[in-house]
Amino acid sequence: MEKARILIVEDETIIAMEVESQLQRLGYEVTSVVDTGEKAISKAESDKPDLILMDIRIKGEMDGIDTADHDAIWICFKADPGKRVQSDA
């Protein structure tokens, strides 16, 4: 069975490294780890990942939502101290 290919978009290095490590441990292939929306679009076009995990608040001109609106279907999960998990689609 072919490994799912995942692109990580996260501007906090320690979090990005941990997510990458966990995904690899679970058997996924991480195609790239980038920290801006502009880099994410470029890598998505070249790497052709099966899934993109993207933070909403990232550095650069575009946030995660602006980036995801660039020809993508997306689901947003966010943690809120007052709620368990909240999702928007």
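Looking across segment 1-37, the residues that are surrounded by fewer than 13 Cβ atoms within 10 Å (Cβ to Cβ) and either modelled with pLDDT under 95 or not small (Gly, Ala, Ser) (or both) come down to Met1, Glu2, Thr13, Ile14, Ile15, Glu18, Gln22, Arg25, Leu26.
Which of the residues spanning segment 12-31 are under 10 Å from the mean Cα position of the chain (by Cα) and either closer than 16 Å to Pro49 by Cα or not small (Gly, Ala, Ser) (or both)?
Restricting attention to segment 12-31, the residues satisfying the condition of being under 10 Å from the mean Cα position of the chain (by Cα) are 16, 19.
The one that is under 10 Å from the mean Cα position of the chain (by Cα) and either closer than 16 Å to Pro49 by Cα or not small (Gly, Ala, Ser) (or both): Val19.
Residues in segment 26-59 that are closer than 13 Å to Glu12 by Cα and outside any loop (DSSP other than H, G, I, E, B): Val33, Val34, Thr36, Met54, Lys59.
Limited to segment 13-66, what total is found for residues that are closer than 22 Å to Glu2 by Cα, of a type in the set (Asp, Glu) and out of contact with any Lys or Arg (no Cβ under 6 Å at 6 or more places or on another chain)?
3
Scanning for something assigned to a strand (DSSP E or B) and either modelled with pLDDT under 85 or at negative phi (or both), does segment 60-75 turn up at least one residue? There is no residue in segment 60-75 that is assigned to a strand (DSSP E or B) and either modelled with pLDDT under 85 or at negative phi (or both).
One residue alone among Thr31, Thr13, Thr36 is more than 23 Å from His70 (Cβ to Cβ) and of a type in the set (Ser, Thr, Tyr), and that residue is Thr13.
The values are calculated or read from the model by the stated rules, or taken from the named source; none is laboratory data. Predicted model only: the values in this text are computed from it and were never measured. As a convention, Cβ positions derive from the backbone with ideal geometry for all residues, glycine included, and neighbour counts pool all protein chains shown.
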